[in-house]
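Remarks on the structure that follows.
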Amino acid sequence: MAKEKPKSFWSVPYVLLMAANFFQSMAAFMTNTTIPVYASHLGASAGIIGLVTSSFAISALLIRPFSGPAFDSFSRKWLLILAQAVISVCMFAYGMADSVTMLFVIRLFHGAAVGCASPLALSLVSEFLPYERFASGVSVYTLAQTFAQVIGPATGLYLVDIMGFGPSYFLSSALLLVAMVGIFTIKEPQRVSLPYKIELKRIFAPPAIKPAITLMLLSMAFSCVGAYVVLYGYEMGIENMGIYFTVYACCLVVTRPFFGRLADRFGSSRVLVVAVAFFATSFVLMSQARDLAGFLAAAVVGSAGFGCAAPLLQSIGMSSVSNEHRGAATNTTFTGLDLGSLAGPLIGGTTIEVLAPVMGSTSLAYADMWLVMLVPVVLAFVLSLIWNRKREREGRGKGKR
């Protein structure tokens, strides 16, 4: 008997959500890449830049006890539209900011909206995915972010050079409005809606806690790349650092769907170990980078690292629960992501400020900071190995998970 061909994950709602994700991500990458530069322009130190960069994670974490249960109780579509509207307003407000304090306050509001929008979008798109193509569907969906990375960071830095910070953020705000148009046209699938109740099991999904912890460790290191790689390049006398993000994102176009297919075939936990190993290697390369070629080598290897590990961990978290609890599952994994995004730039900035006087050079302090941030990546690698072996023991005789 011929083996049944796996169902396709492509559908009109899936494509529309992917397009909306692209415009949302485009605005985010244009903004996030320039925020550290903007804060530095306003006179912030490395430690303060880390605080401003990661401050959005504070409000994102604070809103999760209230937003998580809402994801499984109310329309995910309309909650997503509301969250994107708030993000658009925040983008516009960035363009009006004239102090580091204002940037910090806006980032807090921005974080609350992002804390809702990202898990909402992922849980909504999961409703259109067949189970047997879940990992591939999530990986390909996140390619919208990849294409945005190809254009967004370099475009943001370029627009700041020719237009200034304000107009660049106004354009980011407009892109969010475009993203909302696609979401309006989607017909949300019928599902079982749970009563809105703030309780621990509705905020977090226990099966998703392990991938959330692993994601937290990885995002601690990855958030430092977004916060400091451009400034590090400038310290090394490299002006066109936007190319780093372009190469990283272009490589993701190949590595992310490839790793997604491997995960569907061999199991997500096995492929995760390989992805984390690549991510660790990229930080070693980053610490040794002295020219643009060195940074680009780190970008290529890193594309098979966090860029592939993050969607794998999110797909593991969502596939471990039923559809009506996927809001709680995505809330759990994004909590891990937010915790790492909060701690990473703060630790990285403090490390740079402590090491700079000792090393006698800010550039050398940056280089050693990448090695310090290798510690949580190694911990994630060890946890992935232990987790993979446990899942393999549990999966014997039951097929791949």
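Computed from the coordinates by the stated procedures, all read-outs in this text should not be read as laboratory data. Every value quoted in this text rests on a predicted model; they were computed, and no experiment measured them. In this analysis, Cβ positions are derived from the backbone assuming ideal geometry, glycine residues included, and neighbour counts consider all displayed protein chains.
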Spin-label zone in the range 270-310 - amide nitrogen under 13 Å from a point set 7 Å from the Cα of S361 along the C-beta vector: 288-291
Taking the chain, the lysine pairs whose C-alpha atoms sit under 14 Å apart (8 or more places apart or on different chains) add up to 4
Neighbour-count ranking [beta-carbon atoms within 10 angstrom, fewest first] of W10, W370, W387: W10, W387, W370
Longest principal axis of the chain (C-alpha) makes with the long axis of helix 374-395 (C-alpha) an angle, in degrees to the nearest 10, of 10 degrees
Ranked on Cβ counts within 10 Å of their own Cβ, fewest leading, F279, F74 go F74, F279
Could you please rank T142, T214, T350, placing first whichever residue has the fewest other Cβ atoms within 10 Å of its Cβ? T350, T142, T214
Specify which residue in the list P207, V274, A60 is farthest towards the positive end of the charge dipole of the chain, using unit charges on the beta carbon of Lys, Arg (+1) and Asp, Glu (-1), about the Cα centre. P207
State the extension gain, in nm to one decimal, for the chain segment bounded by T350 and V15, taking 0.36 nm per residue of separation less the distance between their alpha-carbons. 116.4 nm
Taking 0.36 nm per residue of separation between R270 and A85 and subtracting their Cα-Cα distance, the length gained on full extension comes to 62.7 nm
Please give the helix 100-126 orientation as an angle from the longest Cα principal axis of the chain, in degrees from 0 to 90, rounded to the nearest 10. 20 degrees
Alpha carbon centroid spacing (whole Å) that separates the range 102-144 from the range 230-295: 21 Å
Using θ = phi - 60° and Karplus 6.51 cos²θ - 1.76 cosθ + 1.60, couplings along the range 349-357 (whole Hz; Gly, Pro as x): x, 5, 4, 4, 5, 6, 7, 4, x
With bins 10 Å wide starting at 0, give me the P(r) of the chain over every alpha carbon pair, in whole percents. 5, 24, 35, 25, 9, 2, 0, 0
Angle between the Cα long axis of helix 242-266 and the longest principal axis of the chain, 0 to 90 degrees, nearest 10? 20 degrees
Spin-label model distance (nm) - L385 vs W78, 7 Å beyond Cα toward Cβ: 5.1 nm
Cα centre as origin, Lys/Arg/Asp/Glu Cβ charges: the chain dipole, Debye: 1900 debye
